[in-house]
Amino acid sequence: MKLAILGFGVVGQGLAEILANQCEKTRQQTGMAPKVVAISDFKIGSLYDPNGLDLDKVLHLAATVGSLEDYPNSATLVRGLDAMTTIVQTNADVIVEATFTDIKTGEPAITHCKTAFAAKKHVVMTNKGPIAMAYKQLSELAAENGVYLGFEGTVMSGTPALRLARTALIGNTFTEVNGILNGTTNYMLTQMEDGMSYHDALKQAQEKGYAEADPTSDVEGYDALYKIVILANTVMGEALTPDDVERVGLKTLSAAEIQTAKQQGKRWKMLGTIRRTADGMKAAVKPILLDSSHPLSSIDGATNAITYSCDLAGDITLTGAGAGKKETGYALLSDLVDCHFFMEENRKVTNQ
Ligand SMILES: NC(=O)C1=CN([C@@H]2O[C@H](COP(=O)(O)OP(=O)(O)OC[C@H]3O[C@@H](n4cnc5c(N)ncnc54)[C@H](OP(=O)(O)O)[C@@H]3O)[C@@H](O)[C@H]2O)C=CC1
Ligand SMILES: N[C@@H](CC=O)C(=O)O
């Protein structure tokens, strides 16, 4: 499995660290032996070596100088390829899409996916744009081209919120889904309950690698809205679009309201909700005041949680990291393992 990583920020580096340190363990467990052949990033630079890149050197340069310029030259090394050229002209068979999530168009990541599929390359991604804006089209294109499309990290980072619903809970109809789906705002709310200012709490969330490149996406609720749309489309089988979701940002909540709630033993949470009703699907992302008895009220920091209300299995709640370098890198690893099994299955069918 030869990988090209598009976007080498928090998440791209999170995956590279896991591959550099724990690849042997994964190989023993699954038989998967990935090699990173290309990295393409606006900020840090781009490298391609068809024989594979030295991840320890790449990660050292990223951490110390924030540039890949000093990566050693070799007869096979190519520098400076942009994302599209990396997809089309390298020998990578799996594209890892970890560029920024554009909340208006989902581009250029949607085009990255389409280009990869046309070139018969698999895609795994944490970028929410393509799945929120074009899931149906992209999943159909992937199927037509016989390639894998993985997107576990788009909702709740490395906590397997999508895989749980799409595999372990199969056979249920989800009547309602409720979740704390944004790590940044939950982290901010937790800090603000302890008296920190809105701006300091946001700054800390950014420093910890939780926030989007443009944190407006987190605090105004767009990031959680995208996740609600992804859940509706990929788990509930409902073609909801971003315009179908009511959205109220965190800024509408004052520090005084957060403190008053605390004194009353209650907590404000940015809650994402999708409900099946007699009038169709109702979806929203907004601050909601929860009693301490509510199952989602005790969720602190960058932790996320989701409750699937199932017609057969009842209410099932999953809690875990909603953001972070290692955690989101792990989400990509879990998709790569799934992709590896998909590739193995295809190989078997072709050889029969
Ligand atoms: N951080 C997290 O915990 C999580 C993040 N995600 C998603 O994963 C993706 C990556 O997040 P994260 O790593 O935190 O973001 P970062 O901003 O840390 O890294 C993204 C990197 O991609 C570069 N980039 C942007 N567009 C392109 C492009 N077209 N071609 C090449 N490089 C590009 C950026 O450069 P520049 O800065 O110059 O634009 C930046 O270096 C996002 O879509 C995010 O929504 C999902 C789950 C959790
Ligand atoms: N910015 C997002 C990152 C994960 O999707 C968040 O804070 O949850």
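The values are calculated or read from the model by the stated rules, or taken from the named source; none is laboratory data. These numbers were taken from a predicted model, which means no experiment stands behind them. Quick reminder, even Gly has a Cβ in these numbers, built from the backbone with ideal geometry, and neighbours come from all protein chains shown. Keep in mind that these areas ignore ligands, DNA and RNA; they rest on the heavy atoms of the full protein, side chains included. Shrake-Rupley method; radii C 1.70, N 1.55, O 1.52, S 1.80 Å.
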Assuming R0 = 51 Å, what is the FRET efficiency of Q352 and M84, from their Cβ-Cβ distance, to the nearest 0.05? 0.90
Degrees separating the helix 198-207 axis from the principal Cα axis of the chain, which is the longest one: 20 degrees
Would you mind telling me which residue in L164, L231, L336 has the biggest mean-square fluctuation in a Gaussian network model of the chain, where springs connect alpha carbons within a distance under 10 angstrom? L164
Mean projected area (nm²) of the alpha-carbon convex hull when the chain is viewed from all directions: 18.8 nm²
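Taking a threshold of 32 Å on the Cα-Cα distance, which of the pairs K208/K266; K114/K269; K43/K114; K25/K208; K269/K325 fall above it?
Exceeds cut-off: K114/K269.
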If amide H atoms are built 1.01 Å from N in the plane of the peptide, which residues on other chains or at least 5 residues away come under 5 Å of the amide H of W268? L290
What do you get when you divide the Cα radius of gyration of the stretch 243-347 by 2.2 N^0.38 Å, with N the number of residues? 1.41
Relative to the longest principal axis of the C-alpha atoms of the chain, give the angle of the C-alpha long axis of helix 10-30, reported between 0 and 90° and rounded to the nearest 10°. 70 degrees
For the stretch 183-232, compute the orientation-averaged projected area of the C-alpha convex hull (one quarter of its surface), in nm². 3.4 nm²
Carbon and sulfur together cover what percent of the accessible area of the chain at a 1.4 Å probe radius? 50 percent
Helix 325-351 vs. the chain, principal-axis angle (Cα, 0 to 90°, nearest 10): 50 degrees
Among all the aspartates and glutamates, which ones have a C-alpha under 12 Å from K104's C-alpha, if same-chain residues fewer than 8 places away are not counted? D223, D243
Excluding L289 itself, what net charge comes from residues whose Cβ is under 10 Å from its Cβ, given Lys and Arg +1 and Asp and Glu -1? +1
Rg and Dmax in Å for the stretch 1-142, alpha carbons only: what are they? 14.7, 42
Which trypsin sites (Lys or Arg not before Pro) does the stretch 1-83 hold that lie in a coil by DSSP with at most 14 other beta carbons within 10 Å? K43
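Where nothing but the Cβ of Lys and Arg (+1) and of Asp and Glu (-1) is charged, how large is the charge dipole of the chain around its Cα centre, in debye to the nearest 20?
Rounded to the nearest 20 debye, it is 340 debye.
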Within the under-9-Å Cβ sphere about Y148, not counting Y148, Lys/Arg +1 and Asp/Glu -1 give a net charge of -2
Given the -39500 (n - 2.57) contribution per DSSP H run of 4+ residues, what per-residue ellipticity at 222 nm results for the chain, rounded to the nearest 500 deg cm²/dmol? -12500 deg cm²/dmol
Sort out for me the Cα centre separation of the stretch 32-65 from the stretch 275-352, rounded to whole Å. 30 Å
Give me a comma-separated list of calculated 3J(HN,Hα) values for the stretch 149-161, in order, Karplus coefficients 6.51, -1.76, 1.60 applied at θ = phi - 60°, integers in Hz, x for any Gly or Pro. 10, x, 8, 4, x, 6, 10, 6, 6, x, 7, x, 5
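Please tell me the relative contact order of the stretch 3-149 in percent, rounded to the nearest whole number, where contacts are Cα pairs under 8 Å and at least six residues apart.
Taking the mean separation of contacting Cα pairs over the length of the stretch 3-149, I get 23 percent.
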So how far apart, in nm, are the two label points at N51 and L164 if each is 7 Å from Cα heading toward Cβ? 4.5 nm
With x for Gly and Pro, the residue-by-residue ³J(HN,Hα) of the stretch 49-61, computed from phi through the Karplus equation 6.51 cos²θ - 1.76 cosθ + 1.60 at θ = phi - 60° and given in whole Hz, is 9, x, 8, x, 9, 7, 5, 4, 5, 4, 5, 5, 5
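On full extension of the chain, what length is gained from T317 through E246, given 0.36 nm per residue of separation minus the C-alpha to C-alpha distance? If you can, show how the numbers build up before the last one.
On the way: separation 71, 0.36 × 71 = 25.56 nm, distance 2.32 nm.
The span from T317 to E246 would gain 23.2 nm if fully extended.
For Cα pairs less than 8 Å apart in space and 6+ apart in sequence, what is the mean separation divided by the residue count of the chain, i.e. the relative contact order in percent?
Relative contact order here is 20 percent.
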Which whole-number percent is the relative contact order of the stretch 263-352 (Cα, under 8 Å, 6+ apart)? 17 percent
In a GNM of the chain with a 10 Å cut-off on Cα contacts, which of N127, N304, N51 has the highest mean-square fluctuation? N51
Residue-by-residue Karplus 3J(HN,Hα) for the stretch 104-113, coefficients 6.51, -1.76, 1.60, Hz, glycine and proline x: 9, 10, x, 9, x, 5, 4, 5, 4, 5
